[in-house]
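Written out below as structure tokens is the structure these notes cover.
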Amino acid sequence: MFSRLLGQKRSREVLPSTGGRLVYAVGDVHGRLDVLQMLVRDIANDVLATRPPERPVLIFLGDYVDRGPDSRGVVDLILTLKSDPAFDVTVLKGNHEEALMQFVQDPGFGSTWLDHGGGATLAAYGVQPPSTRMDSDTWAATRDALNAALPASHRAFYQQLELMRVVGDYAFVHAGVRPGVALEDQSERDLLWIRHEFIRDRGPFGKVIVHGHTPSEEAQLTPCRIGIDTGAYATGVLTAVRLYGDSQSLIQARSQRRIG
Ligand SMILES: [Mn+2]
């Protein structure tokens, strides 16, 4: 009895808090519209059951495109949610959105993008993905075709992506942060790409970092970081973390359909 009370008291002192907001952060979707639809439905039902005093915060952690089959549909669904006044939505940039924008500016980046699953995104926009390495003229034509196929709303979507959102004791980013560097001094490159140097570090990082980018079979809820990339494009498991006051829980959508 005594030790349980002590434990409760201690955990209350150290638990991070959202400052009263109800927050959902969604991990890497990678074109899996099927599981994103399921997860959004579950989140909407959870909001109805929770009845928070303020608008719930919905944060997408990046990597909407590439690999999975319906990048275009994923962006459409997130755009719909962005325009829904019931949610306070933040859409973060992932390294795959950076790659798409880089290809739009520089067709010479095409083969690198293909290696990272960009062919699925081209196909989702109705652009024939190349089957073999192409010459630079063909890459330029493919880039022009993507440019022509991108709806204005999607172009604006990719251009307006954010790098970080802070709510209470939490900071939300795509990949992670560089240990030892203040949150406001983090480079875009690290926020989008960092992996081992961040994952191996025990922190603290200034805030509890909620991130995707580095997939693991199970979501990782640790004192200084929460990793929720469960590799949806291949596993069919898409994970969100639900943060409300000082509570943390997971919401997962699962599809039987595995890819790759
Ligand atoms: Mn990533």
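The table for this structure:
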| quantity | calculated |
| --- | --- |
| Solvent-accessible area per residue for the chain (1.4 angstrom probe, square angstrom) | 48 |
| Highest-fluctuation residue, ALA156, ALA175, ALA145 considered, GNM on the chain with Cα pairs under 10 Å | ALA156 |
| Sequence of ASP137, ASP34, ASP42 from largest to smallest accessible area, 1.4 Å probe | ASP137, ASP42, ASP34 |
| Cut-off 14 Å between beta-carbons: net charge of the residues surrounding VAL57, Lys and Arg +1, Asp and Glu -1 | -1 |
| Sites matching trypsin sites (Lys or Arg not before Pro) across the stretch 107-180 that sit in DSSP coil, with at most 11 neighbouring C-beta atoms within 10 Å | ARG133 |
| Prolate/oblate/rounded label for the chain (Cα gyration tensor, a/c 1.5) | prolate |
| Heavy-atom accessible surface of the stretch 94-234: percent carbon and sulfur, 1.4 Å | 48 |
| Selection of GluC sites (Glu not before Pro), the stretch 192-260, meeting DSSP coil and at most 12 other Cβ within 10 Å | GLU217, GLU218 |
| Mean separation of Cα contacts under 8 Å, 6 or more apart, over the residue count of the stretch 186-235: relative contact order % | 29 |
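The values are calculated or read from the model by the stated rules, or taken from the named source; none is laboratory data. No experiment lies behind these values; they were computed from the predicted model shown. Positions of Cβ are backbone-derived with ideal geometry, glycine not excepted, and every protein chain shown enters the neighbour counts. These area figures cover heavy atoms from the full protein model, side chains too; ligands, DNA and RNA do not enter into them. Shrake-Rupley method; radii C 1.70, N 1.55, O 1.52, S 1.80 Å.
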